[in-house]
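Visitor: Sharing a structure below in structure tokens format, with a few things to ask.
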Amino acid sequence: MNSGPPGLLAGTVAGSIRGAMPTLRSLVPEDPPAPPFRRDFWRSPLRGVRLTSILGATLLVAIPLVSVTGLLSHVAYNPGLGENRIVARGPFDVLLFDWPTHPAWLYAASQGVHVTLGLAAFPIVLAKLWSVIPKLFVWPPARSVAHALERASLALLVGAVLFEFVTGILNIQNYYPWKFNFVEAHYYGAWVFLGAFGLHVGLKFPTMWAALRKPRLSQELADTLAAPAPDPPTISRRGLLGTVGAASVLLAVTGAGQSIGGPFRRLALLAPRGGTSGDGPNAFPVNKTASAVGVGPDRTGASWRLELKGPAGAVKLSREDLLRLDQHAYDLPIACVEGWSTTQRWSGVRLRDLARMAGAADGREVRVQSLQRAGEFRQTTLGADQIADERSLLALRVNATDLSLDHGFPARIIVPALPGVHCTKWVSDLEFTA
Amino acid sequence: MSRRLDAVYGGGPVLLLGMLAAFAVSGAALVYFVQSGPLVSVALWFGGAIVLHDLVLFPAYSLLDRGAARSLGGAINYLRVPTLLSALLFLVWFPLILGLSEERFRNASGMSTSVYLGRWLAVSAALFAISAVVVVVRRLRAR
């Protein structure tokens, strides 16, 4: 029954039907109870260790990239600062570090990879599951304690991978037909996945490697994925892999433009921030409209004041006061956790200049509050590196014109490599800590 | 020692350690995962994803594919490939295509989901058109 060559772990998995098993075996009938549990029920001539290995090798590159960029996004939210934390503190927090501001495109690139590569990997995941589905109906259901545990870990693996892909894909479309907290479930679901994924790779890597390096050898081995009595083929293995590849490319092409921007944005026909957003200096995507969170001209007009607080006390600054301070302009990307990003020319007052005014020259933290009265991300806390970076701005203008209301008029935060939702719009208070 | 472990457990010490490590990570994460919302909702989406894929989606597309392959014979792939691609795009983008999150989407982006049905239909039409061109070209060349 052993499917793989004797590798580091593969050899030890299947070897044993002995020992503790007689007791277990007496509980299950020896003959498969229904057709799917019989190996000759599975007829596709394409299934086999070679096909599964090719798909597995592709995912072995894609899945770690999607996972690492996802975990980086968690770090980028600076959950250790102020009230930034959305996800319950847990054992994996040891991996947190201060999120850098260099390079400015770090979050745009990392989150663009997370979402676009995740979309492109989805058809490969589905094809991989198709290629191994006979294993779900293997008989007897468990040959040993180790085999039973491996199958339990596979339930976690498949459940978690589907959960992660489905919730991620629905989240970027703002569709939430569930009652749990998406961020928390998606984050801890990823760790459920990663434990099971590590074991799966450890167990199957030798088999995959052998099948890829020596395709002939793999045919000689007992191929438990191959149909014992296959139907005549209606498509070649190359044809199937080409179709899966085309599906990946199609999802990537109709999605990637929302991250890459420029002329590619038009190609992103099905992505949530693809196509165009009209014309003009303020015509670029947003993730929160002013009207949706109850911010209107009544509170952003001439009566608006920025309350600047710190060790030196509190001052109130009008927009004219802020425009009289040193203005600086930088081309910076703003990148959403949902994967899209856009680079614009922002101008305004440096956060470190405001820190000095507030009496916190080497500001340790700044708590930013928005006019937004309800909903998520109406406040954020930024760290020392983010205050110190000369490109970190309280932006007043974009592309040489005033910010539009949807882009955060009268003033918004823009910090290099910071997730978009932390670039708080409609800022009302800045509180620096020395 | 190793032989006794193999007899009881069905694997060597390396496998046992690997499994302990994997279940430690997944198990610790699971504790937090199930607290991310009402247990019913979390369990339904985790278990439901497996059941829906393995026992609904997979049998459904397999049966459809088998039925189509029987009735169409050799020409099946010219229909199979664009159908699969179009269906996959729908599977991924159905909330936008069907406008299921119109209000939230409008609040977030200031735009409407109404364009997506047309775009999906247009991309699908293009895929079938490409496939049709390939059939015609191949048939003409074969003459």
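The values are calculated or read from the model by the stated rules, or taken from the named source; none is laboratory data. A quick note: this is a predicted structure, and the numbers were derived from the prediction, not measured. Using ideal geometry, Cβ is built from the backbone for each residue, glycine included, and neighbour counts are taken over all protein chains shown.
Visitor: What pairs come up if the first residue lies in segment A:271-294 and is at the interface with chain B (Cβ under 9 Å from one of its Cβ atoms), the second is assigned to a loop (DSSP other than H, G, I, E, B) and of a type in the set (Ser, Thr, Tyr), and their beta carbons are under 6 Å apart, counting only those six or more places apart or on different chains?
Guide: These pairs meet every condition: A:Pro285/A:Ser277.
Visitor: Which of the following residues is without any contact (Cβ under 8 Å) to a residue 24 or more places away in the chain and over 17 Å from A:Leu306 (Cβ atoms): A:Asp389, A:Asp331?
Guide: So the residue among A:Asp389, A:Asp331 that is without any contact (Cβ under 8 Å) to a residue 24 or more places away in the chain and over 17 Å from A:Leu306 (Cβ atoms) is A:Asp331.
Visitor: Condition test on B:Leu64, is it within 25 Å of A:Leu194 (Cβ to Cβ) and either touching a His at 6+ places or on another chain (Cβ under 9 Å) or in a helix (DSSP H, G or I) (or both)?
Guide: For B:Leu64, the condition - within 25 Å of A:Leu194 (Cβ to Cβ) and either touching a His at 6+ places or on another chain (Cβ under 9 Å) or in a helix (DSSP H, G or I) (or both) - is not met.
Visitor: Quick one: how many residues across segment A:358-396 are of a type in the set (A, V, I, L, M, F, W, C) and either surrounded by fewer than 18 Cβ atoms within 10 Å (Cβ to Cβ) or under 30 Å from A:Leu117 (Cβ atoms) (or both)?
Guide: Residues that pass the stated criteria total 6.
Visitor: Next up: Could you check how many residues of segment A:235-290 are among the small types (Gly, Ala, Ser) and in a loop (DSSP other than H, G, I, E, B)?
Guide: Final tally of qualifying residues: 12.
Visitor: Condition first: more than 7 Å from chain A (Cβ to nearest Cβ), assigned to a helix (DSSP H, G or I), under 22 Å from the mean Cα position of the chain (by Cα) and modelled with pLDDT of 95 or more. Can you find one or more residues in segment B:98-110 that meet it?
Guide: no
Visitor: Oh, and also: Could you count how many residues in segment A:178-189 are within 8 Å of chain B (Cβ to nearest Cβ) and in a helix (DSSP H, G or I)?
Guide: The total comes to 4.
Visitor: Yes or no: A:Asp326 assigned to a loop (DSSP other than H, G, I, E, B) and either loosely packed, with under 15 Cβ neighbours inside 10 Å or hydroxyl-bearing (Ser, Thr, Tyr) (or both)?
Guide: Against the criterion (assigned to a loop (DSSP other than H, G, I, E, B) and either loosely packed, with under 15 Cβ neighbours inside 10 Å or hydroxyl-bearing (Ser, Thr, Tyr) (or both)), A:Asp326 qualifies.
Visitor: So A:Ser303 fits all but one of (1) away from chain B (no Cβ under 11 Å); (2) closer than 30 Å to B:Arg70 by Cβ; (3) in a loop (DSSP other than H, G, I, E, B); what number is the exception?
Guide: (2)
Visitor: Any idea how many residues of segment B:53-92 are at the interface with another protein chain (Cβ under 8 Å from one of its Cβ atoms) and within 13 Å of the chain's Cα centre (by Cα)?
Guide: Residues that pass the stated criteria total 8.
Visitor: Test of understanding: among A:Gly294, A:Gly275, A:Gly280, which residue is buried (at least 18 other Cβ atoms within 10 Å of the Cβ) and at positive phi?
Guide: A:Gly275
Visitor: While we're on this one: Which residue, of A:Leu354, A:Leu371, is touching a residue at least 40 places away in the same chain (Cβ under 8 Å) and in contact with a helix residue (DSSP H, G or I) (Cβ under 7 Å, 6 or more places away or on another chain)?
Guide: Of the residues listed, the single one that is touching a residue at least 40 places away in the same chain (Cβ under 8 Å) and in contact with a helix residue (DSSP H, G or I) (Cβ under 7 Å, 6 or more places away or on another chain) is A:Leu371.
Visitor: Taking the options B:Leu15, B:Leu44, name whichever one is more than 30 Å from A:Ala246 (Cβ to Cβ), in contact with a Phe, Trp or Tyr (Cβ under 9 Å, 6 or more places away or on another chain), surrounded by fewer than 17 Cβ atoms within 10 Å (Cβ to Cβ) and within 9 Å of another protein chain (Cβ to nearest Cβ).
Guide: B:Leu44
Visitor: Count, please, the residues in segment A:157-177 that happen to be within 7 Å of chain B (Cβ to nearest Cβ) and either acidic (Asp, Glu) or touching a Ser or Thr at 6+ places or on another chain (Cβ under 7 Å) (or both).
Guide: Within segment A:157-177, residues that are within 7 Å of chain B (Cβ to nearest Cβ) and either acidic (Asp, Glu) or touching a Ser or Thr at 6+ places or on another chain (Cβ under 7 Å) (or both) number 3.
Visitor: Could you say whether any residue in segment A:359-371 is assigned to a helix (DSSP H, G or I) and closer than 24 Å to A:Glu83 by Cα?
Guide: No.
Visitor: Continuing with this model, one more query. Does segment A:425-432 contain at least one residue that is at pLDDT 95 or above, over 29 Å from the mean Cα position of the chain (by Cα) and more than 12 Å from A:Leu306 (Cβ to Cβ)?
Guide: Checked against the condition, which is being at pLDDT 95 or above, over 29 Å from the mean Cα position of the chain (by Cα) and more than 12 Å from A:Leu306 (Cβ to Cβ), segment A:425-432 yields at least one hit.
Visitor: May I ask you to list the residues in segment A:279-294 that are in contact with a strand residue (DSSP E or B) (Cβ under 8 Å, 6 or more places away or on another chain) and either of a type in the set (A, V, I, L, M, F, W, C) or more than 19 Å from A:Trp340 (Cβ to Cβ) (or both)?
Guide: A:Phe284
Visitor: For segment A:131-144, enumerate the residues that are within 11 Å of another protein chain (Cβ to nearest Cβ) and out of contact with any Leu (no Cβ under 9 Å at 6 or more places or on another chain).
Guide: Scanning segment A:131-144 gives A:Ile133, A:Phe137.
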